[in-house]
Every structure is written in structure tokens, then in C-alpha cells.
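All remarks here apply to the structure that follows.
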Amino acid sequence: MNIFKTKKALQTHLDTYKQTHRIGFVPTMGALHKGHLSLIKKAKEENDLVVVSIFVNPTQFDNQEDLIKYPKTLQKDIDLLKTVNCDVVFTPDVSEIYNNQIVSESFNFGGIENEMEGKFRKGHFDGVGTIVKRLFEIVQPHKAYFGEKDFQQLQIIKKLVEITNLPIEIIPCAIFREDDGLAMSSRNTRLTKEQREAAPFIYKTLKKAKKKFGIKNAEKVTKWVQKKFKKNPVLELEYFVIADEHSLKQIDKKDKNNQPRAFIAVYAGDIRLIDNLAM
Ligand code: AMP
């Protein structure tokens, strides 16, 4: 496995493979878990060479405290990447990506950037767009892999390649969960024992909401979810929204013109957890 810290060294290495090898790319912020590894395994199956980036991108954090506390476990990540036969790891410093100008580009993703995560995390998707565009330009992969765990981000990235005309195929990957249903996340390692025990409630509630949505409209289901969280002493609901998978606009009922999916963001103390489920 080759590890590079600079664009130049990475690109020199990849240049020798570009003509003959299909390159798959998995961007991450590190603190890797089995969810990340599932993306890398899929990329290994579909490509000749897999590049994983580990970069905690400052411009996508609207909350400095969250950025500072974001788990960093580089050596453990490298050991894990070896177990899945990752070929290349790119671990740039902030200056290598941003040249000491730590600012986002401004994007128009057609409105999907203003829903849900975009509403609650100001500038988040400009930060995501900025880093992913830069990484795509550096790595120039044939395919790039993104988890449905961050479903809105996945839709943003699809839009990004459309508006930038980058010839990259975006491959969605299913959410990888713990046995008790909690969606795997780097932030889960920060949960206290009590918070970790409470957290599977998020997915359980999503599943119950799905059952109810067959009978009740979105407003009623949303009220029910809000009531459930009010009674939970550990988890605080930020939002629960049933929206169309493509427009990400809120919907009331399932019909032939939409594909409903429930999206949720919850706080356990200062730790923010997100999840989603097709309805
Ligand atoms: P992150 O390191 O959190 O930025 O995640 C890197 C990539 O892994 C993103 O495309 C995420 O959507 C994906 N990912 C994170 N957690 C999971 C999970 N539990 N299941 C599937 N994909 C995930």
C-alpha cells in the first residue's frame, strides 16, 4: 500500500497507472469503521486500483468544536486499510489542499443544498463541494464511492459531477449498521456508554415511522416522531423530514411522482448523529 501526503507525489504515482487501470476513489475523513470498509471493498471489486483519501475538511464544519473533537486515528486507519488491500492512501495536510486560504467555493446545486443538512449546517455543502471537486481533480478516478448514510451529500455529489462535467461515475453504497441498527459513524466513538445505549432508538424510530407512513401522512408521522423524542432523556431531535429522494423537498404522501425517504438528525449531548431510511 502506497501512502502519499502531497498532490505531486500522488499524481506522479497515479500517472503510471491511468492508461491501463480503472481507478476507484473513496474519499473519507478517517476514523475508519466497517461502513467505510464496505465502500472500499466495493471499489476493489469494480476497479483495478483503489485510492482512499483521509482528510478532515475544515470548510465543511460550521461548528469549530465539532471539527476539533472530530476523531483522528491515522495509524489505526492505515492498519485497517491494509486489511482490505487498499492500494493508495492520500493523507494531505490542510495547506496542501487549501494553500492557507481556507475558504469554500460557492455552488449552486439547484436548491437541494438548502434542505435539511443545508438548513442546519450553514455552508456545509459548499465545503463538501469544494473538497470533493479538488480531490476529484487531483485523483481523476473513473468511479467514486459515497455512502447513503449521507444521502443528501450523495445527491449533492451527483449534481457536482453534472455541473462540473467531470467524467466520474458516482456509485451509491448502502448504509452499514451495527447489530443493534445504529448507523456506523466515526462520531459514534465519542458517545458515552449511556448515549451509545440510547442511540439505536434513532433507527428503531425510523422503522416505526416507515410502517406508520403507509397509513398516515407525513405531517402526522412527523408529529409522532417529535413526540417520541420529547420523551427520550438522552437524545434530542434536530429534524425529522420525509422528503423526495431526488428533489429533497418535503412531501406529504407517497405517490407515483415521488420517492419518499425519511431523514433524521439527532443530538446526543454535543454529538450530532444522522440517519435515513427509504419509506
Ligand atoms: P466520512 O468519513 O464520514 O466523511 O465518510 C466517508 C464516506 O463513507 C462517505 O461517503 C460516507 O457516506 C460513507 N459512510 C460513512 N458511514 C457509513 C455507513 N455507516 N455506511 C455506509 N457508508 C458510510
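The values are calculated or read from the model by the stated rules, or taken from the named source; none is laboratory data. These numbers come from a predicted model, not from an experiment. Cβ: placed from backbone, ideal geometry, glycine included. Neighbour counts: every protein chain shown. These accessible areas exclude ligands, DNA and RNA; they are computed on the full protein's heavy atoms, side chains included. Shrake-Rupley method; radii C 1.70, N 1.55, O 1.52, S 1.80 Å.
In the set N165, N188, N232, which member is more than 30 Å from G24 (Cα to Cα), of a type in the set (S, T, N, Q) and either in the same structural domain as V50 (by TED's automatic domain parsing) or surrounded by 14 or more Cβ atoms within 10 Å (Cβ to Cβ) (or both)? Step through it out loud before you land on a result.
Working: N165 fails: more than 30 Å from G24 (Cα to Cα); N188 fails: more than 30 Å from G24 (Cα to Cα).
Exactly one residue qualifies, and that residue is N232.
Please return the ranges of strands (runs of 3 or more DSSP E) entirely within the stretch 1-117 where 2 or more residues are in contact with a strand residue (DSSP E or B) (Cβ under 9 Å, 6 or more places away or on another chain), open to solvent by less than 80 Å² (accessible area, probe 1.4 Å) and free of Cβ contacts under 8 Å to residues at least 60 places away in the same chain. The strands (runs of 3 or more DSSP E) meeting that bar are 49-54.
Within the stretch 191-212, track down each residue that is open to solvent by 60 Å² or more (accessible area, probe 1.4 Å) and in contact (Cβ under 8 Å) with a residue 60 or more places away in the chain. Explain how you work it out, then say what you get.
Residues of the stretch 191-212 that are open to solvent by 60 Å² or more (accessible area, probe 1.4 Å), as a first pass: 192-194, 196-197, 204, 207-208, 210-211.
If the condition is that a residue be open to solvent by 60 Å² or more (accessible area, probe 1.4 Å) and in contact (Cβ under 8 Å) with a residue 60 or more places away in the chain, then T192, K207, K210 are the ones that fit.
Of the candidates D66, D77, the single residue that is in the same structural domain as H142 (by TED's automatic domain parsing), within 22 Å of Q152 (Cα to Cα), acidic (D, E) and within 16 Å of the ligand (Cβ to nearest atom) is D66. Residue check: is L154 surrounded by fewer than 21 Cβ atoms within 10 Å (Cβ to Cβ) and of a type outside the set (S, T, Y)? Taking the combined requirement at face value, the residue satisfies it. Residues of the stretch 238-267 that are under 20 Å from E197 (Cβ atoms) and surrounded by 19 or more Cβ atoms within 10 Å (Cβ to Cβ): I264, A265, V266.
Out of the helices (runs of 4 or more DSSP H) lying entirely within the stretch 150-239, which hold 3 or more residues that are among the hydrophobic types (A, V, I, L, M, F, W, C)? Walk me through it before giving the result.
Details: elements: 151-164, 193-198, 201-213, 218-230.
Because the criterion is at least 3 residues that are among the hydrophobic types (A, V, I, L, M, F, W, C), the helices (runs of 4 or more DSSP H) in the stretch 150-239 that meet it are 151-164, 201-213, 218-230.
Among the residues making up the stretch 148-172, those that are within 9 Å of the ligand (Cβ to nearest atom) and in contact (Cβ under 8 Å) with a residue 40 or more places away in the chain are E148, K149, D150, F151.
Could you list all residues from the stretch 33-63 that are closer than 23 Å to K7 by Cβ and more than 10 Å from the ligand (Cβ to nearest atom)?
Quick first cut of the stretch 33-63, residues closer than 23 Å to K7 by Cβ only: 36, 39-40, 43, 47-61.
If the condition is that a residue be closer than 23 Å to K7 by Cβ and more than 10 Å from the ligand (Cβ to nearest atom), then A43, N47, D48, L49, V50, V51, P58, T59, F61 are the ones that fit.
In the condition set (1) within 16 Å of the ligand (Cβ to nearest atom); (2) part of a loop (DSSP other than H, G, I, E, B), K256 is compliant with all but (1). Output the residues belonging to the stretch 133-147 that are crowded, with 20+ Cβ neighbours inside 10 Å and either within 13 Å of the ligand (Cβ to nearest atom) or on the phi > 0 side of the Ramachandran plot (or both). Passing the criteria: L135, A144, Y145, F146, G147.
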